[in-house]
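Sharing a structure with you now.
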Amino acid sequence: MSAHLPASAGHDAATPAATDADLAAAQRLRDAYGRILAELRKVIVGQNEVLEQLLIALFAGGHCILEGVPGLAKTLMISSLARCLSLSFNRIQFTPDLMPSDITGTEVIQEDAATRQRAFKFLPGPIFANVILADEINRTPPKTQAALLEAMQERQVTVGGRRHELSPPFFVLATQNPIEQEGTYPLPEAQQDRFMFKVFVRYPSYEEEYQIATTTTGERLTQVEPVLSGDEIVALQQLVRRVPAAPAVVRYALDLVQATRPDQAGALPIMKRMVSWGAGPRAVQFLILGGKARAVLHGRYHVSTDDIRVLAQPVLRHRVITNFSAQAEGYPADRLIDELLAAVRTHPGALSDDPRVSSVFQPAPAGAAAT
């Protein structure tokens, strides 16, 4: 892979030039991405966009919510991904009677057989794995949902006043069923904000469903083979953070996020009318980190505004809180984000005139209004 951004172009003091080692590591990540997809396609039919978003979140160090009706292979997709990456995997089925200690673990009194002394011993819960499937997370009360917060944010759990670190990499994938809402506890906005992406798992196409029907009803069972180890994933996550993002690209991501906030001067009129709360600073961080991961997976060592635009919906759809007007007029968050992408312009500058990096910048849509 040849990096589209030369080591000498478009950098400032805070953005070091790419080294040969970085470019070689980026090539390995790009190659591994192709092998991972090839392995997953042995057991998963279609869902290419979902698989890409999951891998972007993984290599960016984020977590995901998957929303889709039952039977769309969400659990199979996640468990297959864990096997493909040689990672430990635990599934937690969230139910109304699940307690926080059922997730994090608990302390028990244990007696030493030799000394007869009693002491507390920590028994780790299912959260101690690399990949966690939080199945139907909205089926359990907020107290238990909140047990995930410290683990997701700090990569540790605290039990009995003691901190217990989680082994990296650590990746939480929560699922929600959009059609059965009786007896559920919708995730609070503050907890949704901890998830990098909200991914919609949609119905397969006719041909994809035909392939599913023919391949899953025979006697042949396909197994995925491991591609990357946990240590390799951690190293690649560090590589992703070193990918440069030009100031104009960062400002474009920031303009998108600030335009969702109805109480700010730069908000779009439609946002002021249909949004109660806009996206917070985590949205900008996740747009940039996701853009860095997507760039490397697509063979580039720089972030473009196209990376930001592609990831705008999974990053923003659970952070843009619509009001009654939006619901009454049939404006879901995704439709508002489409309006946002059509209106917010990119930032031209000195770098956009440099032929070495011109591919980073995309022209503004025809008739787009400046923010």
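So the check is Cβ under 8 Å with 6+ separation or different chains; which pairs have a first residue in the stretch 153-169 that's surrounded by 14 or more Cβ atoms within 10 Å (Cβ to Cβ) and a second one that's in a strand (DSSP E or B) and among the β-branched types (Val, Ile, Thr)?
Cβ pairs passing all conditions: 159/106; 164/157; 164/158; 166/157.
Quick one: would you say residue 241 is surrounded by fewer than 18 Cβ atoms within 10 Å (Cβ to Cβ) and in contact (Cβ under 8 Å) with a residue 12 or more places away in the chain?
Details: surrounded by fewer than 18 Cβ atoms within 10 Å (Cβ to Cβ): yes; in contact (Cβ under 8 Å) with a residue 12 or more places away in the chain: yes.
For residue 241, the condition - surrounded by fewer than 18 Cβ atoms within 10 Å (Cβ to Cβ) and in contact (Cβ under 8 Å) with a residue 12 or more places away in the chain - is met.
Let me ask something additional. May I ask you to list the residues in the stretch 104-129 that are among the polar types (S, T, N, Q) and not in a helix (DSSP H, G or I)? Even if it seems obvious, please write down each step before you answer.
Initial filter on the stretch 104-129 (among the polar types (S, T, N, Q)): 104, 106, 110, 115, 117.
Scanning the stretch 104-129 gives 106, 110, 115, 117.
Here is a follow-up. Out of the residues in the stretch 130-160 meeting the condition of being out of contact with any Lys or Arg (no Cβ under 9 Å at 6 or more places or on another chain) and of a type in the set (Gly, Ala, Ser), tell me which one is nearest to residue 83 (Cα to Cα).
If we take residues in the stretch 130-160 being out of contact with any Lys or Arg (no Cβ under 9 Å at 6 or more places or on another chain) and of a type in the set (Gly, Ala, Ser), then 151 is nearest to residue 83 (Cα to Cα).
While we're on this one: Within the stretch 176-202, which residues are closer than 18 Å to residue 314 by Cβ and either part of a loop (DSSP other than H, G, I, E, B) or charged (D, E, K, R) (or both)?
Of all residues in the stretch 176-202, those closer than 18 Å to residue 314 by Cβ come to 176, 178, 187, 189, 191-202.
178, 187, 189, 193, 194, 195, 196, 198, 201, 202, listed by residue number.
This table checks each residue for (1) buried (at least 24 other Cβ atoms within 10 Å of the Cβ); (2) outside the structural domain of residue 59 (by TED's automatic domain parsing); (3) under 18 Å from residue 199 (Cα atoms).
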site	(1), (2), (3)
254	no, yes, no
269	no, yes, no
285	no, yes, yes
299	no, yes, no
315	yes, yes, yes
332	no, yes, yes
338	no, yes, yes
342	no, yes, no
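Name the single residue that is nearest to residue 165 (Cα to Cα) among those in the stretch 113-154 being of a type in the set (Val, Ile, Thr) and under 23 Å from the mean Cα position of the chain (by Cα). Show your work before the answer.
Step one: filter the stretch 113-154 for residues of a type in the set (Val, Ile, Thr), giving 115, 127, 131-132, 137, 140, 144.
From what is left, the residues that are under 23 Å from the mean Cα position of the chain (by Cα) are 127, 131-132, 137, 140, 144.
Working: 127: 11, 131: 15, 132: 15, 137: 23, 140: 24, 144: 19 Å.
Restricting to residues being of a type in the set (Val, Ile, Thr) and under 23 Å from the mean Cα position of the chain (by Cα), the top hit is 127.
Before we move on, is residue 218 modelled with pLDDT under 90, in a loop (DSSP other than H, G, I, E, B), more than 20 Å from the chain's Cα centre (by Cα) and at positive phi? Steps first, please.
Numbers: modelled with pLDDT under 90: yes; in a loop (DSSP other than H, G, I, E, B): yes; more than 20 Å from the chain's Cα centre (by Cα): yes; at positive phi: no.
The answer is no for residue 218.
Would you mention how many residues in the stretch 258-309 are more than 19 Å from the chain's Cα centre (by Cα) and not in a loop (DSSP other than H, G, I, E, B)?
Within the stretch 258-309, residues that are more than 19 Å from the chain's Cα centre (by Cα) and not in a loop (DSSP other than H, G, I, E, B) number 10.
Identify the single condition in (1) modelled with pLDDT of 90 or more; (2) in contact with a Phe, Trp or Tyr (Cβ under 8 Å, 6 or more places away or on another chain); (3) closer than 26 Å to residue 242 by Cα that residue 318 does not satisfy, given that it satisfies every other one.
Among (1) modelled with pLDDT of 90 or more; (2) in contact with a Phe, Trp or Tyr (Cβ under 8 Å, 6 or more places away or on another chain); (3) closer than 26 Å to residue 242 by Cα, residue 318 violates only (3).
Any idea which residue in the stretch 19-34 is nearest to residue 217 (Cα to Cα), counting only those that are more than 20 Å from the chain's Cα centre (by Cα) and charged (D, E, K, R)?
Taking the stretch 19-34 first, the residues more than 20 Å from the chain's Cα centre (by Cα) are 19-25, 27-28, 31.
Restricting the remaining residues to those that are charged (D, E, K, R) gives 20, 22, 28, 31.
Details: 20: 48, 22: 45, 28: 36, 31: 32 Å.
Top of the filtered list is 31.
Could you check the stretch 1-103 for helices (runs of 4 or more DSSP H) lying wholly inside it with 1 or more residues that are buried (at least 21 other Cβ atoms within 10 Å of the Cβ), at pLDDT below 85 and of a type outside the set (A, V, I, L, M, F, W, C)? Lay out the reasoning, then the answer.
On the way: elements: 20-40, 48-60, 74-84.
Filter on the stretch 1-103 gives 74-84.
Next question. Please count how many residues of the stretch 136-174 are part of a loop (DSSP other than H, G, I, E, B) and either outside the structural domain of residue 56 (by TED's automatic domain parsing) or small (Gly, Ala, Ser) (or both). Outline the logic, then answer.
We begin by selecting, within the stretch 136-174, every residue part of a loop (DSSP other than H, G, I, E, B); these are 136, 140-141, 146, 155, 160-161, 166-170.
Add one more test, that the residue is either outside the structural domain of residue 56 (by TED's automatic domain parsing) or small (Gly, Ala, Ser) (or both), and what stays is 146, 160-161, 167.
The total comes to 4.
Output the qualifying pairs, or none if there are none: Cβ atoms under 8 angstrom, residues six or more apart or on different chains, first residue in the stretch 335-347 and touching a residue at least 24 places away in the same chain (Cβ under 8 Å), second residue basic (Lys, Arg).
337/317; 341/309; 347/251
The values are calculated or read from the model by the stated rules, or taken from the named source; none is laboratory data. Computed from a predicted model, the values in this text were never measured in an experiment. Note that we place each Cβ from the backbone using ideal geometry, even for glycine, and neighbour counts take in every protein chain shown.
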